[in-house]
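The values are calculated or read from the model by the stated rules, or taken from the named source; none is laboratory data. In this text the structure is predicted, and so the values were computed from the model without any measurement. Counting neighbours? That spans all protein chains shown, and the Cβs are built from the backbone with ideal geometry, glycine included.
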Amino acid sequence: MASLQQSLKQYFGYDSFRDGQEEIINQALLDRDLLIIMPTGGGKSLCFQLPALLKKGVAIIVSPLISLMQDQVTALQDNGINATFLNSTLDFKELRRREEDILNGKVKLLYLAPERLVSERFQEFLHTLISTVTISFFAIDEAHCISEWGHDFRQEYRQLRQLRFRFPSIPLMALTATATTRVQKDIISQLNLKNPGIHRFSFNRTNLYYEVQPRQKRTYQQIFNLIRRLDGSGIVYCFARKTTEDLASRLSQDGISALPYHGGLSDELRSKYQNSFIRDDVRVMVATLAFGMGINKPDVRFVIHYDLPRNIESYYQESGRAGRDGDHAKCILLYNPNDEYKIHYFIKQKENIQEQKIAYQQLEKVLEYAETNYCRRIVQLSYFGERFRGDCDGCDNCLNPKAVEDWTIEAQKFLSCVARVQEKFGIKHIIDILRESKSDKIYKYGHHLLSTYGIGKDKTAKEWEYLGKSLIYQGLLNQTNDSYKILKLNKESWEILRLKRQVKIAVANPTQTKIIEEYNPKALEIEILLQRLKKVRKKLADQENVAPYVIFGDSTLKIMAQMQPQTLKSLGKLSGVTEYKLNKYGYYFYEEIIYFLSEKTLPVALPNHTQIKTLQLYQQGLTITEIAQKRGLTVTTIITHLSELMELNQPIDIDKFVLPKKRETIINLLKKIGDQSPKIIREKLGDNYSYDEIKLVKAWHKRS
């Protein structure tokens, strides 16, 4: 029998497992019930796909959305794996044909919606299946949907509790990317998992960069500028349907291909728009939360939130649709404090008082995330019960750290007050005591007689609140996880009170600390080849009528561009290339690599020192004006540098500086009149075209 590593390479083209995958697969092969909480991009699907191929019988995978199961089946089939789905999109004849294939042992993975799996008619089919080819296991994907405490509860998932009673001997595997401790317990209870192997991984997505920007009055211009500076595909989440329509329309008019997506569109139109996005026919999807769990696109490079999300779990899920392939991606939240009141309105519409309390607590955590001066991952991960030290090197606060001050004395005052009220009150009451409040509550409990009463008048209420939250973020003070939010001292709190620990607090006035990478000609060559390989992939994907990532993922193309294999055999050894895909697609990529190497794409002339400095700043996403300010040069000089860099075949994206419609008009004129001076060109085009735009397009046209 082949080893697990050999099977991994044979079926999926990978040379090694990701953290935790091998142990999970071994337990699955031993027929153990499993609960797997693995973040998006961690390789969750492989944990049930590989065991399904190695075990006898057919594995049944429960998936909540038709689009999700269809995408996964397409990707498996393109790897030469026998997988199929049964859902409402199939006519009677096709449904029967697929059922016959399943009963004849031609299928290893069967994807179903939960309601079909538990239907009485399908139960008969399952019993026939068990008596013929057998069922290897049931895998419940997106298992958080079974819990009322989950962020995406679905009533039809509750019916899955029948599986254990109807098929007691068949193992169950539950998988989800997000689940609090409460949801995990509920999943185990609802599915009646027997002594399950619980595999809970860190929720920290290290490849994602998190940033919060104040939402500007000219929000459209802010988003437009962001998208022009970002690379690849992206999602912009908006609260209102009208906003998605307006924003998508304006982006399209300004040369950025975008489509809206919301619940008010027909199913047909939503499906059409989603496919356009997944297949890279459109770059940006502007969407409400209706654009959710079924988005199986691994190479989303950015997610922008136009509005404040309602809770951390939703934000984690929505922003987590970026970078599912493991490559770097950006998650940017545009924050306006007034959004809080908009969400208050919707919370008040809830009839259940307990639900209102929970919603307010969740909103409070989101506000902490948006307003904190500390590592944003501290707030985000604490929601899932995970303590994180900070210094993540992957959020705006860590990359541009605030000044740090010693607030040990203030912390002692605060914690001493918590102790003196016998750890029975929350932050607001502690602040009222410190600031000598005359409220009835203070006198009712006699807290005006405490030694800490009035010792904090030198600080504002906001400063004390920030200190209290900072102590909680850093694990130096506990807070009960209920509606009362009572403060509790812990071991670290007492160390502070006994002068055995200092307290450092991040304050405003950030000092910008951008890192400039060394210019690397080899990296440039790799980037140029990568873009060419992506064009080959897109062409093949269109021919096959599949999403580009189904052919090869970005990570595999990057390895091709780096290694530049010069034989089909060496191409087949790369991670992500199976024998099946090598035979089906390998020659096209091999041919492009050989052609690229024979062209000697890199120019003989390389950029000089001052051009390289401009290129480095451009690669960090700075605008022309910002580069000029950073370098102490004029905008005209930076335009000249960028023009020269384009002529030297450097990776400068002309669309970030000139709208595509304008670019096409300038090029069409150049083709007619030849290489004339910018002055002559501008006279023919008119005042709507600047000399800078003409200069940049001329350089780009020479290069292309």
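Quick notes on this one:
- Taking the numbered list (1) out of contact with any Phe, Trp or Tyr (no Cβ under 8 Å at 6 or more places or on another chain); (2) under 24 Å from Asp653 (Cβ atoms); (3) free of Cβ contacts under 8 Å to residues at least 60 places away in the same chain in turn, Val300 passes all entries but (3).
- Members of the stretch 130-160 found to be modelled with pLDDT of 90 or more and surrounded by fewer than 19 Cβ atoms within 10 Å (Cβ to Cβ), listed by number: Ile130, Ser131, Thr132, Val133, Thr134
- As for the stretch 588-600, it holds at least one residue that is farther than 13 Å from Asp692 by Cβ, among the β-branched types (Val, Ile, Thr), surrounded by 14 or more Cβ atoms within 10 Å (Cβ to Cβ) and touching a helix residue (DSSP H, G or I) at 6+ places or on another chain (Cβ under 9 Å).
- Test: residue in the stretch 107-119 that is under 24 Å from Asp186 (Cβ atoms), in contact with a Phe, Trp or Tyr (Cβ under 8 Å, 6 or more places away or on another chain), among the small types (Gly, Ala, Ser) and not in a helix (DSSP H, G or I): no
- Elements of type helices (runs of 4 or more DSSP H) contained in the stretch 515-584, each with 1 or more residues being closer than 18 Å to Asn275 by Cα: 521-544, 548-551
- Residue in the stretch 141-160 that is in contact (Cβ under 8 Å) with a residue 24 or more places away in the chain, aliphatic (A, V, I, L, M) and assigned to a loop (DSSP other than H, G, I, E, B) present: no
- Only one entry in Lys457, Lys424 is free of Cβ contacts under 8 Å to residues at least 24 places away in the same chain, part of a loop (DSSP other than H, G, I, E, B) and not small (Gly, Ala, Ser), namely Lys457.
- Selection from the stretch 617-637 of residues that are among the hydroxyl-bearing types (Ser, Thr, Tyr), without any contact (Cβ under 8 Å) to a residue 24 or more places away in the chain and in a loop (DSSP other than H, G, I, E, B): Thr634
- Matching option when the condition is of a type in the set (Val, Ile, Thr), touching an Asp or Glu at 6+ places or on another chain (Cβ under 6 Å) and under 24 Å from Leu226 (Cβ atoms), among Ile312, Ile332: Ile332
- Cβ separations smaller than 8 Å between residues 6+ apart or across chains give the following pairs from the stretch 76-94 residues that are in contact (Cβ under 8 Å) with a residue 60 or more places away in the chain and farther than 20 Å from Leu117 by Cβ to residues that are of a type in the set (A, V, I, L, M) and surrounded by 14 or more Cβ atoms within 10 Å (Cβ to Cβ): Asp78/Val546; Asp78/Val550; Asp78/Ile551; Ile81/Leu53; Ile81/Leu109.
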